[in-house]
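Have a look at the structure below, then the notes.
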Amino acid sequence: MQLTQKLDLFPEYVVTQLLFKDVKNAADLRKSAIAQEISGALINPAMIVDPFQILVAANKALHVQKVGKMKTRSLYSEIIFNLSPTNNISEAFKKFGLSDGDGAVAVVLVHAAEETRSTDDILAKVDGQQIPVNQISCLTDVAKIKKLFKITPQEEHSGTLLDAVICRMAIKDVL
Amino acid sequence: MAAVEGESHVLQFLKRVELLKQGAEARVYRGEFLGKPAIMKERFPKLYRHPVLDEKLTRRRTVQEVRSLLRCRKAGISAPVVYFVDYTTHCIFLEDMVGSITVRDYINTAQVSQKDAPCLEVLAKKMGQILGKMHDEDLIHGDLTTSNMLLRNGSVDRDVDLVLIDFGLSYISALPEDKGVDLYVLEKAFLSTHPNTEAMFEKLLKSYAASSKKSSAVIKKLDEVRLRGRKRSMVG
């Protein structure tokens, strides 16, 4: 169901992803996140093509945190920021973070490898149905992503949508 | 999640992966990154340079490389996907094209096996097309050699997927002079690495001229640059 993966550059941490559809309480979840009652990143799954995308964002977030170059105030907000193709923080939160009207949510947790982080608290808070993380492509809004990331038709020809998205995420700070 | 003192986590990671090549500019490693086969290109500090200059140059090369890789993708030219860039160690984490070979190795083996002519012609045509596309985007590679081109499938039998790599010396320019020089660099590298390939390179240029909209000025400049080169008479 949920997916826990290690980060090669940070062997002391792991990233756990959970995915929910038919979510009824997105607004409450957002309030909880802002009040810091949920320790995780709440992401709009329509903007995610593959769990790899989340992993890349988390890797970069941990990296900039370690070198002291975060652009946002917390690790979780940095993960959301890294998903965006632009350097505008508020736009990133609006487009990639959970919005009040959303019907699905992807939750991302970063925790120490040894500690088995219980996800009961998350499961209790989300009023929705948990689905396997690797089914995230069912929730993807491909047209919206192509528009936001400005994917050219030639680019679609020579690579996958995921490739195009990952590339922009990796390079945006020097574009 | 306090920051750990001591050596960079990226450098520690590089110690655990396989070193593929050590060049004058960078070390290239191969390993797994977030579950995918990846290449890490580390532009290490050059102690013979003044440190301020070294940092500037190394950073610029890294940034140019990464920007150009994205530019290629946007134009529909095959280039490796960039997964992650560490600007503190100047290390680029890229897609590993598993099963690919350099055009250099391909030409060498094709020549040895002697049934070379048709495949090399197909390859030359494709190379001309890709370079024509690249120059139409006003992207100058800066270091065109057959070692900086990969055949993703390892052959020219099915769809020839030619991948360009190593954009550290690349820049943007619309000048036919710069594009001509780019081709001249390739010509020199080509003919010195692969003897008896003059005909193949001619086909490459023909294909380039056919694919690129701005090619006539470029070919003209190439002829001029050839006359200018080393050990050339500077008469008239």
> For A:K125, which lysines qualify as cross-link partners when the Cα separation must be under 29 Å and same-chain residues fewer than eight apart are set aside?
Replying inline: A:K6, A:K21, A:K24, A:K31, A:K60, A:K71, A:K94, A:K95, A:K144
>> Using each residue's phi in the stretch A:57-69, evaluate 6.51 cos²θ - 1.76 cosθ + 1.60 at θ = phi - 60° and report the 3J(HN,Hα) Karplus result to the nearest Hz, with x for Gly and Pro.
In response: 5, 5, 4, 5, 4, 5, 4, 5, 5, 5, 8, x, 10
>> Quick check on the exposure proxy: order B:I107, B:I219 from fewest to most C-beta atoms within 10 angstrom.
In response: B:I219, B:I107
>> Based on DSSP loop calls and a cut-off of at most 12 other Cβ atoms within 10 Å, the longest stretch of chain A free of exposed trypsin sites (Lys or Arg not before Pro) is what?
In response: A:74-149
> How compact and how long is chain A, expressed as Rg and Dmax of its alpha-carbon atoms in Å?
Replying inline: 15.4, 45
> Among B:R43, B:R27, B:R73, which comes first, second and so on when ranked by fewest other beta-carbon atoms within 10 Å?
Replying inline: B:R27, B:R43, B:R73
> Say the cut-off is 32 Å between C-alpha atoms; which of B:K21/B:K213; B:K21/B:K125; A:K147/B:K220; A:K66/B:K179 go over it?
Replying inline: B:K21/B:K213; A:K147/B:K220; A:K66/B:K179
>> Under a crude label model (7 Å from the Cα following the beta-carbon direction), how far is A:Q154 from B:E224 in nanometres?
In response: 2.6
>> Under a Cβ-only charge scheme (Lys and Arg +1, Asp and Glu -1), can you give me the dipole magnitude of the protein assembly as shown about the Cα centre, in debye to the nearest 20?
In response: 1400
> Taking neighbour Cβ counts within 10 Å as the exposure measure, how do B:E55, B:E18 sort from fewest upward?
Replying inline: B:E18, B:E55
> So what J values fall out for the stretch B:35-47 if you push phi through Karplus, 6.51 cos²θ - 1.76 cosθ + 1.60 with θ = phi - 60°, rounded to Hz, Gly and Pro as x?
Replying inline: x, 10, x, 9, 10, 10, 10, 9, 8, 7, x, 9, 6
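Since every read-out is calculated from the coordinates, none of them should be taken as a lab result. Because the structure is a prediction, the values reported are computed rather than measured. Positions of Cβ are backbone-derived with ideal geometry, glycine not excepted, and every protein chain shown enters the neighbour counts.
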